[in-house]
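The values are calculated or read from the model by the stated rules, or taken from the named source; none is laboratory data. Everything numeric in this text was worked out from a predicted model, so none of it was measured. No Cβ is skipped: glycine too gets one built from the backbone with ideal geometry, and neighbour counts run over all protein chains shown. These accessible areas exclude ligands, DNA and RNA; they are computed on the full protein's heavy atoms, side chains included. Shrake-Rupley method; radii C 1.70, N 1.55, O 1.52, S 1.80 Å.
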Amino acid sequence: MLVAAAVCPCPPVLVPEVASGAAPELDGLRAAALDAVGVLAAARPDRLVVVGPAEQAGRGPHGQGAVGSFRGFGVDLDVSLGAAETPPERPLPPSLSVGAWLLARTDWADAPVEGLGVGEPLAGDRCAQVGREIAASAERVALLVMGDGSACRTVKAPGYYDERAEAFDAAVARALGAADTEALAGLDAELASELKASGRVCWQVLAGAAEGAGLRGELLREEAPYGVGYFVAAWS
C-alpha cells in the first residue's frame, strides 16, 4: 500500500547546472522539493516508484540504474535512477531525470527505486488503475510524483496567457495540499491539455495509488516564476 508520496515539479531548470545564472530564482522550490523527498525516506518504504510525464520514447517502466542526461539542455551532466543493477536499456525522459537528480541530492538508499514514464494523453480512469497497481505491488510503497501545472499563466509563458490557468492551478494546489484524491481524479483532462499541464496524468496516478490509504497532505511550495505552475507537496 502507499505509505508516502512527494509531489515535485520537473522543469530541467530545477537542476542548478542547467539553470546556470538563473539558479538562485528557484532556490526555494529546490529546497522544498528536497524536503519532500526526505518525507519519503522517513516512511521507510519497501519500494519507491518515480512517476513522470513522458513522450512516446520514454513511456513505460525504467529499471533501477537507468540513466538520464541533461546534455540536451547544454550541460554535461548524467544522473542515475538509484544504484545501477543492470545496464540501462534506454535513457530516462527529462521528468524522470529531474526526479533522479533529486534522489541523488538526498543520497537516496532507503529502498529499491524504479521509474515510470506516463503518456500525457492517458485517460483519468486508466491513470487511477495504474496507481492502484503500483500501491498493491509491495507492503510499503512510496511515490515521487513529477509534473508541472499550467504553462499559461502569463503572456511570456510557454503556452502564452490563458485566463483559466490560474484557477486550474489553484484547484490543483488545494487538492495536493489536502491529499484530496477525488479532486485530483476529477481534473479535466481536456482542460489540462489545453493549459499544457504535464502533471495531470501523474497526479491522477497518485490519486489512484492513495485510495483508502488515509494519507495527509501538506503543500510545501507553490510558484509560477516563468508563467508555469510549480507545486511541491508531501503526503504521509
Next on the checklist: Exactly one condition in (1) open to solvent by 10 Å² or more (accessible area, probe 1.4 Å); (2) touching a residue at least 60 places away in the same chain (Cβ under 8 Å) is false for Ala19; which is it?
Outcome noted: (2)
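Filter the stretch 208-234 down to the residues that are closer than 15 Å to Val141 by Cα and within 13 Å of the chain's Cα centre (by Cα) and list them by number.
Once the filter is applied, which keeps residues that are closer than 15 Å to Val141 by Cα and within 13 Å of the chain's Cα centre (by Cα), the stretch 208-234 yields only Ala234.
Among the candidates Leu116, Leu96, Leu103, Leu92, single out the residue that is within 13 Å of Gly52 (Cα to Cα) and in a helix (DSSP H, G or I).
Leu96
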Item to check | Residue match in the stretch 148-156 (condition: of a type in the set (S, T, N, Q) and surrounded by fewer than 19 Cβ atoms within 10 Å (Cβ to Cβ)) | outcome: yes
Next on the checklist: Let me spell it out: the conditions are (1) at pLDDT 95 or above; (2) in contact with a Gly (Cβ under 9 Å, 6 or more places away or on another chain); (3) over 26 Å from Ala185 (Cβ atoms), and Gly117 meets all of them except one. Which number is the exception?
Outcome noted: (3)
Checklist entry - What is the number of the single condition among (1) touching a strand residue (DSSP E or B) at 6+ places or on another chain (Cβ under 8 Å); (2) within 22 Å of Gly58 (Cβ to Cβ); (3) among the hydrophobic types (A, V, I, L, M, F, W, C); (4) modelled with pLDDT of 95 or more that Ala123 does not meet? => result (1)
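Which members of the stretch 73-86 meet the condition of being surrounded by 21 or more Cβ atoms within 10 Å (Cβ to Cβ) and assigned to a strand (DSSP E or B)?
Looking only at the stretch 73-86, we keep the residues that are surrounded by 21 or more Cβ atoms within 10 Å (Cβ to Cβ), and these are 79, 81-82.
Listed by number, the list holds a single entry, Val79.
Looking only at the stretch 22-39, count how many residues are open to solvent by 20 Å² or more (accessible area, probe 1.4 Å) and either in contact (Cβ under 8 Å) with a residue 60 or more places away in the chain or not in a helix (DSSP H, G or I) (or both).
Total meeting the criteria: 6.
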Next on the checklist: Please go through (1) outside any loop (DSSP other than H, G, I, E, B); (2) hydrophobic (A, V, I, L, M, F, W, C); (3) within 23 Å of Glu17 (Cβ to Cβ); (4) open to solvent by less than 50 Å² (accessible area, probe 1.4 Å) for Trp108 and return the number of the only condition it doesn't satisfy.
Outcome noted: (1)
Item to check | Complete set of residues in the stretch 40-72 that are closer than 13 Å to Ala5 by Cα, open to solvent by 40 Å² or more (accessible area, probe 1.4 Å) and in a helix (DSSP H, G or I) | outcome: Ala42
Checklist entry - Can you name the condition, by its number, that Leu215 falls short on among (1) out of contact with any helix residue (DSSP H, G or I) (no Cβ under 7 Å at 6 or more places or on another chain); (2) closer than 27 Å to Ala57 by Cα; (3) in contact (Cβ under 8 Å) with a residue 40 or more places away in the chain? => result (2)
Checklist entry - Can you name the condition, by its number, that Glu218 falls short on among (1) closer than 22 Å to Leu2 by Cβ; (2) assigned to a helix (DSSP H, G or I)? => result (2)
Checklist entry - Residues of the stretch 123-179 being in contact with a helix residue (DSSP H, G or I) (Cβ under 6 Å, 6 or more places away or on another chain), small (Gly, Ala, Ser) and part of a loop (DSSP other than H, G, I, E, B), which ones? => result Gly147, Gly149, Ser150
Checklist outcome for this item: Picking from Gly38, Gly63, the residue that is touching an Asp or Glu at 6+ places or on another chain (Cβ under 6 Å) and under 30 Å from Thr181 (Cα atoms) would be Gly63
Checklist entry - For Gly212, are the conditions met, namely being assigned to a loop (DSSP other than H, G, I, E, B) and surrounded by fewer than 16 Cβ atoms within 10 Å (Cβ to Cβ)? => result yes
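Name the residue, out of Ala170, Ala192, Ala183, Ala175, that is over 17 Å from Cys8 (Cβ atoms), free of Cβ contacts under 8 Å to residues at least 60 places away in the same chain and open to solvent by less than 10 Å² (accessible area, probe 1.4 Å). Please lay out each step first, then the result.
Details: Ala170 fails: open to solvent by less than 10 Å² (accessible area, probe 1.4 Å); Ala183 fails: open to solvent by less than 10 Å² (accessible area, probe 1.4 Å); Ala175 fails: over 17 Å from Cys8 (Cβ atoms).
Only one candidate passes the filter, namely Ala192.
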